[in-house]
Amino acid sequence: EMDGRLRLVLTGELLRGAACPGTCLERLESDLDWAFCLLEAVDRGDDGIGEVLESTGAGMATHLDTLQQATAPAALAAAPVETRRRVARTARLAQKSLGMLTRLAQ
């Protein structure tokens, strides 16, 4: 079974990939969905999640902000409005989950 630290590292990589210029829409949505699920699966009591969040939390938040705005990457900006809303909604939920983890880890 994966511990919280590994889940957070994977989440950071998935979000980086989702927000990366040139990412196709299908990959973006898949990466974001996985990232959200991993954030939800982090056990708040896992050792070391505070350290991982210190080093990766700001980057994850930045990527989630980008996805919430739905103006980048280009595939998302060109997507139908309903798709942009769905991605923004998932990014917002992930941002809330990340914020809660960050507060609890302090």
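Taking all protein chains together and a probe of 1.4 Å, list R16, R7, R84 from the most accessible to the least accessible.
R16, R84, R7
Quick one: with all protein chains in place, what share of the accessible area of the chain is carbon or sulfur, to the nearest percent (1.4 Å probe)?
Taking all protein chains in place, the chain shows 54 percent carbon and sulfur surface.
Explain nothing, just compute: Karplus ³J(HN,Hα) = 6.51 cos²θ - 1.76 cosθ + 1.60, θ = phi - 60°, for every residue of the range 17-22 in order, whole Hz, x for Gly and Pro.
x, 5, 8, 6, x, x
Measure nothing fancy, just the Cα-based angle from helix 81-105's long axis to the longest principal axis of the chain, in degrees from 0 to 90, nearest 10.
10
Evaluate the distance, in nm, between pseudo-label points positioned 7 Å from the Cα of A72 and of E40 along their respective Cα→Cβ axes.
Label at A72, label at E40, 2.8 nm between them.
With a 1.4 Å probe and every protein chain left in place, work out the accessible area per residue of the chain in Å², rounded to a whole number. Write out the running numbers ahead of the final one.
Details: 5900 Å² over 106 residues.
Averaged over the residues of the chain, the accessible area is 56 Å².
For a quick check of understanding: with a 1.4 angstrom probe and all protein chains in place, what accessible area in square angstrom does S55 have, to the nearest ten?
Probe radius 1.4 Å; accessible area of S55 about 90 Å².
Once the whole set of protein chains is in place, how much accessible area is left on T71, using a 1.4 Å probe, in Å² to the nearest 10?
Spelled out: T71, probe radius 1.4 Å, area about 90 Å².
Taking the Cα-to-Cβ direction at Q106 and at R27 and moving 7 Å from each Cα, how far apart do the two end points lie in nm?
My value for the distance between the label points is 3.6 nm.
The values are calculated or read from the model by the stated rules, or taken from the named source; none is laboratory data. Keep in mind that what you see is a predicted model, and the values were worked out from it rather than measured. Every residue, glycine among them, receives a Cβ derived from its backbone with ideal geometry; neighbour counts consider all protein chains shown. The protein model used for the area step is the full one, side chains on, heavy atoms only, and it has no ligands, DNA or RNA in it. Shrake-Rupley method; radii C 1.70, N 1.55, O 1.52, S 1.80 Å.
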